[in-house]
Amino acid sequence: MAAAALHELLVFDTANGAVLDATRRYVLLRADVLMGVFAELPASAGDAALRAFGRSVATHGADSLRAYAAEVGVDATSLQRTVESAAASLGWGRWTLVRDGATLGLEVRNSPFAAAAAPSPRPVCAAIAGMLEALAAIVLGAGASARETACAASGAPCCRFSASLDDRAPPTPSAPSPLPDPTQETSP
């Protein structure tokens, strides 16, 4: 039996004004309102704020990903499918994740960040890059980094991202081991 989609798990506690997935609280916000914050800032401050937004998503999104991995007891591929479904449930576009060895690629169609910020001379989907970085740290191992390589806000047909282990990052002794990749042979 397939796990329920995230939008089916969200609890709309209107008595307390909260939207929850277990203990994780969500906020519903129009994409143009959020992206308008970055547009209101001077370019250098807007770029810095977008980077900070991406780092925050990487940090706090990892908490959700670890919870999903623990709840379902999943391997890397099933966690990737869970993330694709959760992104659609939250209105973060239609995600397609592809693992190629030590690289995790992501294509996003209908990114709300790109749609709300278009046209833009630079990529604007820092939040998605942050979530991919959090996922890559679990799937590929600690020290993963992600970047947006094409953005629909800049005229690309879709947003594309790439994550891989960052050679510059020192190993983190307390970081969890990467999830097993069921497509790879394992030795006994």
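The values are calculated or read from the model by the stated rules, or taken from the named source; none is laboratory data. Bear in mind the structure is a predicted one, so any value in this text is a computation, not a measurement. All Cβ positions, glycine included, derive from the backbone under ideal geometry; neighbour counts span all protein chains shown.
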Among the residues that make up region 107-119, is at least one of them at pLDDT 95 or above, touching a Gly at 6+ places or on another chain (Cβ under 9 Å) and under 17 Å from TYR68 (Cβ atoms)?
no
Members of region 147-167 that are in a loop (DSSP other than H, G, I, E, B) and either closer than 18 Å to ALA117 by Cα or touching a helix residue (DSSP H, G or I) at 6+ places or on another chain (Cβ under 7 Å) (or both)
CYS151, GLY155, ALA156, PRO157, CYS158
Of everything in region 108-122, what is surrounded by 15 or more Cβ atoms within 10 Å (Cβ to Cβ), more than 14 Å from ASP47 (Cα to Cα) and over 18 Å from the mean Cα position of the chain (by Cα)? Give them in sequence order.
ALA118
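Name the single residue, out of those in region 152-168 being farther than 15 Å from GLY105 by Cβ and surrounded by 13 or more Cβ atoms within 10 Å (Cβ to Cβ), that is modelled with the lowest pLDDT. Give the derivation first.
Here is the first cut: in region 152-168, the ones farther than 15 Å from GLY105 by Cβ are 152-155, 157, 166-168.
Next, only the ones that are surrounded by 13 or more Cβ atoms within 10 Å (Cβ to Cβ) stay: 152-154, 166.
On the way: ALA152: 98, ALA153: 98, SER154: 97, ASP166: 80.
Filtering region 152-168 for residues that are farther than 15 Å from GLY105 by Cβ and surrounded by 13 or more Cβ atoms within 10 Å (Cβ to Cβ), the one modelled with the lowest pLDDT comes out as ASP166.
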Show the residue pairs meeting these rules: Cβ distance below 7 Å; 6+ apart or different chains; first residue within region 137-159 and under 15 Å from ALA126 (Cα atoms) and touching a residue at least 24 places away in the same chain (Cβ under 8 Å); second residue of a type in the set (Asp, Glu) and part of a strand (DSSP E or B).
CYS158/GLU107; CYS159/GLU148
Considering every residue within region 63-75, establish whether at least one is β-branched (Val, Ile, Thr) and either at pLDDT below 95 or on the phi > 0 side of the Ramachandran plot (or both).
yes
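For region 1-45, list the strands (runs of 3 or more DSSP E) that sit wholly inside it and hold at least 1 residues that are in contact (Cβ under 8 Å) with a residue 12 or more places away in the chain and of a type outside the set (Gly, Ala, Ser); which are they? Spell out how you get there, then give the answer.
Values: elements: 11-13, 18-21, 24-26.
Hits in region 1-45: 18-21, 24-26.
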Number of positions in region 79-103 that are surrounded by fewer than 20 Cβ atoms within 10 Å (Cβ to Cβ), of a type outside the set (D, E, K, R), in contact (Cβ under 8 Å) with a residue 60 or more places away in the chain and more than 16 Å from GLY61 (Cα to Cα)
2
In region 123-143, what residues are more than 19 Å from ARG81 (Cα to Cα) and either crowded, with 21+ Cβ neighbours inside 10 Å or at pLDDT 95 or above (or both)?
PRO123, VAL124, CYS125, ALA126
Within region 58-76, is there a residue that is out of contact with any strand residue (DSSP E or B) (no Cβ under 7 Å at 6 or more places or on another chain), closer than 21 Å to SER154 by Cα and among the aliphatic types (A, V, I, L, M)?
no
